[in-house]
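S.K.: I'd like to ask you about the structure that follows.
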Amino acid sequence: QQQVKQSPQSLIVQKGGISIINCAYENTAFDYFPWYQQFPGKGPALLIAIRPDVSEKKEGRFTISFNKSAKQFSLHIMDSQPGDSATYFCAAMEYNFNKFYFGSGTKLNVKP
Amino acid sequence: NAGVTQTPKFRILKIGQSMTLQCTQDMNHNYMYWYRQDPGMGLKLIYYSVGAGITDKGEVPNGYNVSRSTTEDFPLRLELAAPSQTSVYFCASSSSAGGMDTQYFGPGTRLTVL
């Protein structure tokens, strides 16, 4: 059973557009929700993360929106650039249990 | 700092062979993790460690073993390799339980079992 469901699987966005990736979870004990960016041949790298006590977190062009009642969170990439082309993973974690559960990934392609 | 290093980068095993994937971090992190990433899938946690001498199972531990004798090293052992273990393996470390801290990932080991 997949703990974190991510959509879409792939996404094509024009340069300057907004990329939106969605994730949903079932376990209400999850209390930490990071997003990772992975370039081909590299390990994932933390992009931005949120705790459920806030509904939104913004860092530069990247924003996480969090809806606790719906058990959903999403990543918005504003003014998308070709250099943002990568695979993005959402994840969820129950802080005291040290176990991260990852979504299946979204391959983003930003066209120039 | 080299961060998290993994060796080897690539390996081909025959069914039934064994091998150890090496992982070393030089950031003095207490927490270390092993994940596998199958094509088109997210990462699945195999084992993790909260400090030297302490390890615990993750989501998919069957067919693997780990040890943590030092803070720096967290090797992953595959016994009796099977085709289902063909995957890319990532090691990661963090200084805390990931709550407010970054998990740093190594570059990965691509393993094929034939």
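The values are calculated or read from the model by the stated rules, or taken from the named source; none is laboratory data. Since this is a predicted model, take the numbers as computed values, not measurements. Every residue, glycine among them, receives a Cβ derived from its backbone with ideal geometry; neighbour counts consider all protein chains shown. Protein only, heavy atoms only, side chains kept; ligands, DNA and RNA dropped before computing areas. Shrake-Rupley method; radii C 1.70, N 1.55, O 1.52, S 1.80 Å.
S.K.: Residue-wise, which Karplus ³J(HN,Hα) couplings in Hz belong to the range B:7-17, taking 6.51 cos²θ - 1.76 cosθ + 1.60, θ = phi - 60°, and x for glycine or proline?
M.R.: Each residue of the range B:7-17 in turn: 9, x, 7, 9, 7, 10, 10, 8, 3, x, 6 Hz.
S.K.: Moving to a separate point now. Kindly write out, for the range B:70-79 in residue order, the coupling ³J(HN,Hα) from the Karplus curve 6.51 cos²θ - 1.76 cosθ + 1.60 (θ = phi - 60°), rounded to whole Hz, with x marking Gly and Pro.
M.R.: Once rounded to whole Hz, the list reads 10, 5, 7, 10, 8, x, 10, 9, 9, 9.
S.K.: Calculate I(q)/I(0) for the range A:63-112 by the Debye formula, one identical point scatterer on each C-alpha and no solvent, and give its log10 at q = 0.15, 0.16 Å⁻¹ to two decimals.
M.R.: The Cα Debye sum returns log10 ratios of -0.54, -0.60.
S.K.: Still on this structure, I have one more. Considering only C-alpha atoms, what is the centroid distance from the range A:70-93 to the range B:53-78, in Å?
M.R.: With the range A:70-93 and the range B:53-78 each reduced to a Cα centre, they are spaced 30 Å.
S.K.: Show me the GluC sites (Glu not before Pro) within the range B:1-89 that DSSP assigns to loop and that have at most 14 other Cβ atoms within 10 Å of their Cβ.
M.R.: B:Glu79
S.K.: Leaving out ligands, DNA and RNA, calculate the buried accessible area for the pair A and B with a 1.4 Å probe, summed over both sides, in Å² to the nearest 100.
M.R.: On the way: alone 6400 and 6080 Å², together 10710 Å².
Counting both chains, the buried surface is close to 1800 Å².
S.K.: Continuing with this model, one more query. In a shell of Cβ-Cβ distance under 10 Å around A:Val13, excluding A:Val13 itself, what net charge do Lys and Arg (+1) and Asp and Glu (-1) give?
M.R.: +1
S.K.: If you don't mind, another one. Quick one: with all protein chains in place, what share of the accessible area of the range A:51-112 is carbon or sulfur, to the nearest percent (1.4 Å probe)? Please list the in-between numbers first.
M.R.: Numbers: 1380 of 2940 Å².
Result for the range A:51-112: 47 percent of the exposed heavy-atom area is carbon or sulfur.
S.K.: Over all directions, the average projected area of the alpha-carbon convex hull for the protein assembly as shown comes to how many nm²?
M.R.: Numbers: hull surface 48.6 nm².
If I average the Cα hull's projected area over directions, I get 12.1 nm².
S.K.: Of A:Lys15/B:Lys9; A:Lys42/A:Lys107; B:Lys14/B:Lys44, which pairs sit farther than 26 Å apart, going by alpha carbon to alpha carbon? Write out the running numbers ahead of the final one.
M.R.: Values: A:Lys15/B:Lys9 34 Å; A:Lys42/A:Lys107 14 Å; B:Lys14/B:Lys44 23 Å.
Over 26 Å Cα-Cα: A:Lys15/B:Lys9.
S.K.: For chain B, what is the per residue volume of the convex hull drawn over the alpha-carbon atoms, in cubic angstrom? Before the final figure, lay out the partial values.
M.R.: Working: hull volume 10.5 nm³, N = 114.
Per-residue hull volume (Cα only) is 92 Å³.
S.K.: Also, I was wondering about something else. Under 1.5 on a/c is rounded, so check that first for the range A:4-111, then, if it is not, pick prolate when a/b is larger than b/c and oblate when it is not; a ≥ b ≥ c are the square roots of the alpha carbon gyration tensor eigenvalues.
M.R.: Since a/c reaches 1.5 and a/b is larger than b/c, the shape of the range A:4-111 is classed as prolate.
S.K.: Expressed as a rounded percentage, what relative contact order does the range A:4-111 have, with Cα pairs under 8 Å and six or more residues apart?
M.R.: It comes to 38 percent, rounded to a whole number.
S.K.: Let me ask you something else. Keeping all protein chains in place, calculate the accessible area per residue for the protein assembly as shown (probe 1.4 angstrom), answer in Å².
M.R.: On the way: 10710 Å² over 226 residues.
With all protein chains present, the protein assembly as shown gives 47 Å² per residue.
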